[in-house]
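Colleague: Quick one: the structure is below, questions incoming.
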Amino acid sequence: MTEKKENNFAFVDGQNLHMGTKSEDPAWQVDFFKFREYLKKKYNVTRAYYFLGFTIDEKSDLYDKIQESGFILKFR
């Protein structure tokens, strides 16, 4: 009999993650690709949603990086 794997989703609050990492001394950068891989391997996350506020101000590179890392970007 085949083993059924769980089908987990992750919901990441981008602002909360950003503020939490920036408040550390020293502040650290999130490697979105490694974070997504960790969620996939550790928790079998098949879909990872990343929620954040939309701004036009020079953030398109960040949005691209998040999506290229395997997150589904959602604006609120």
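Colleague: Over 20 Å between C-alpha atoms is what I'm after, so list which of K5/K40; K5/K74; K42/K74; K5/K34 land there. Walk me through the numbers before you get to the answer.
Modeller: Numbers: K5/K40 12 Å; K5/K74 26 Å; K42/K74 23 Å; K5/K34 22 Å.
Long pairs (Cα-Cα over 20 Å): K5/K74; K42/K74; K5/K34.
Colleague: Segment 1-75: which chymotrypsin sites (Phe, Trp or Tyr not before Pro) are DSSP loop and have at most 14 other beta-carbon atoms within 10 angstrom? Each step should come with its number before you reach the end.
Modeller: Details: sites: F9, F11, W28, F32, F33, F35, Y38, Y43, Y49, Y50, F51, F54, Y63, F71, F75; in loops: W28, F54, F71.
Answer in residue order: W28, F54.
Colleague: What is the fewest-to-most order of L52, L62 by other Cβ atoms lying within 10 Å of their Cβ? Intermediate results must be reported in sequence, preceding the final value.
Modeller: Values: L52 20, L62 15.
Sorted ascending by nearby Cβ count, the order is L62, L52.
Colleague: Given only helices, namely DSSP H runs of n ≥ 4 each adding -39500 (n - 2.57), what is the per-residue ellipticity at 222 nm of the chain, to the nearest 500 deg cm²/dmol? It would help to have the intermediate numbers written out before the result.
Modeller: Numbers: 3 runs with 30 residues, N = 76.
Taking each H run of at least 4 residues, the total per residue is -11500 deg cm²/dmol.
Colleague: List the residues, sorted by chain then number, that are 5 or more residues from V30 or on another chain and whose placed amide H is less than 5 Å from its amide H.
Modeller: none
Colleague: Roughly how many debye, to the nearest 20, is the charge dipole of the chain about its Cα centre, given +1 on each Lys and Arg Cβ, -1 on each Asp and Glu Cβ, and no other charges? Numbers along the way, then the final one.
Modeller: On the way: 13 positive and 12 negative charges, 92 e Å.
Dipole about the Cα centre, nearest 20: 440 debye.
Colleague: How long is the chain along each principal axis, judged by its Cα atoms, biggest number first, in Å?
Modeller: Projected onto its principal axes, the Cα set of the chain covers 52, 29, 18 Å.
Colleague: For the chain, what is the relative contact order in percent, using Cα pairs closer than 8 Å and at least 6 residues apart in sequence?
Modeller: Numbers: 83 pairs, mean separation 28.5, N = 76.
With pairs under 8 Å counted, the relative contact order is 38 percent.
Colleague: Something else now. If you take the charge dipole of the chain about its Cα centre, with +1 on Lys and Arg Cβ and -1 on Asp and Glu Cβ, which of G53, F35, N8 is farthest toward its positive end?
Modeller: Highest projection toward the positive end goes to N8.
Colleague: Antiparallel versus total DSSP beta bridges in the chain: what percent is that, nearest 5?
Modeller: Working: 0 of 10 bridges.
The antiparallel fraction comes to roughly 0 percent.
Each value in this text was obtained by applying a stated rule to the coordinates, not by laboratory testing. Predicted model only: the values in this text are computed from it and were never measured. Heads up, the Cβs are rebuilt from the backbone with ideal geometry, glycines too, and the neighbour counts pull from every protein chain shown.
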